[in-house]
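Worksheet: one structure, shown below.
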Amino acid sequence: MAESLIPVRTDADILPAWRGTPVGDLLRHVNLGAQGGTGSARPALLITRCWEDQAPLPVPAGFALTLAGPGGVLKRSPFDVSWAVAEAGVRAIAVIGHAGCGLAGLRGRRDAFVAALVEGAGWEASAAGQHFDHWADLCEVADPAGAAAAEARRLRARYPALCVAALLHEADGRLLQIAP
């Protein structure tokens with residue numbers, strides 16, 4: 001299913017569901033260059049991102065906590081999210097996929113991956129192949145926007161009182177909204 005991607009070029013472009021929330025603030029900081037602190041001693045937002053998407057987001061210090069998982073998906077880290085809510089006090093989550101995700105189409109690169117573990121890490125070929133076969137199915141992202149949207153739906157169901165948005169980080173540094 002192709003997700004509907006919505007750019008943010010002005011405040012009016014922010015979807016009504018995200019206006020007045022930490023997600024809207026994130027979009028204003030990243031896409032519109034908003035400045036200023038959070039006015040809070042606690043983080044307002046939990047950002048989930050892909051392991052490989054390490055480009056910094058221009059947000060104030062203390063505004064957000066960031067967790068990483070394959071494609072921004074945290075199914076294998078449920079306590080991390082619960083800790084961010086219960087202990088750190090976040091009340092919103094932004095699931096951020098990214099353009100050009102290296103986990104997209106991962107299974108198609110099995111041979112090169114296995115060879116890299118054999119040559120670069122000293123693994124036995126059979127062990128590297130078994131390792132890949134087990135984890136690739138759990139970590140592959142078919143479509144970065146679709147994975148972010150699915151994870152946002154999952155987190156909304158698990159944490160119904162939180163504001164949960166799906167976003168896509170573009171190569172130019174901007175965030176696109178993924179229609180809920």
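The values are calculated or read from the model by the stated rules, or taken from the named source; none is laboratory data. All of these numbers come straight from a predicted model, not from anything done at the bench. For neighbour counting, all protein chains shown are included, and Cβ atoms are generated from backbone atoms with ideal geometry for every residue, glycine included.
Within the range 117-162, how many residues turn out to be outside any helix (DSSP H, G or I), surrounded by 12 or more Cβ atoms within 10 Å (Cβ to Cβ) and at pLDDT 95 or above?
Pass one, the range 117-162, residues outside any helix (DSSP H, G or I): 122-124, 140-143, 159-162.
Then keep just the ones that are surrounded by 12 or more Cβ atoms within 10 Å (Cβ to Cβ); that gives 123, 140-143, 159, 162.
Then drop every residue that is not at pLDDT 95 or above, which leaves 123, 159, 162.
Within the range 117-162, residues that are outside any helix (DSSP H, G or I), surrounded by 12 or more Cβ atoms within 10 Å (Cβ to Cβ) and at pLDDT 95 or above number 3.
When both residues are 6+ apart or on different chains and their Cβ atoms are under 9 Å apart, which pairs have a first residue that lies in the range 86-109 and is in contact (Cβ under 8 Å) with a residue 60 or more places away in the chain, and a second that is part of a strand (DSSP E or B) and of a type in the set (D, E, K, R)?
ALA94/ARG49; VAL95/ARG49; ILE96/ARG49; GLY97/ARG49; HIS98/ARG49
Quick one: CYS50 ticks every box in (1) hydrophobic (A, V, I, L, M, F, W, C); (2) over 15 Å from the mean Cα position of the chain (by Cα); (3) within 21 Å of ARG156 (Cβ to Cβ); (4) modelled with pLDDT under 95 bar one, so which box is it?
It fails just one condition, (2).
Closer than 30 Å to ALA64 by Cα and not small (Gly, Ala, Ser), is that true of LEU117? Spell out how you get there, then give the answer.
Working: closer than 30 Å to ALA64 by Cα: no; not small (Gly, Ala, Ser): yes.
Considered against the rule, which asks whether it is closer than 30 Å to ALA64 by Cα and not small (Gly, Ala, Ser), LEU117 comes out as no.
I'm trying to understand the selection: among the residues of the range 27-59, which are outside any loop (DSSP other than H, G, I, E, B) and either touching a Phe, Trp or Tyr at 6+ places or on another chain (Cβ under 8 Å) or small (Gly, Ala, Ser) (or both)?
Filtering the range 27-59 for residues outside any loop (DSSP other than H, G, I, E, B) gives 27-32, 45-50.
LEU27, HIS29, LEU45, listed by residue number.
ARG110 fails exactly one of the following numbered conditions: (1) surrounded by 21 or more Cβ atoms within 10 Å (Cβ to Cβ); (2) outside any loop (DSSP other than H, G, I, E, B). What is the number of that condition?
(1) is the only condition that ARG110 fails.
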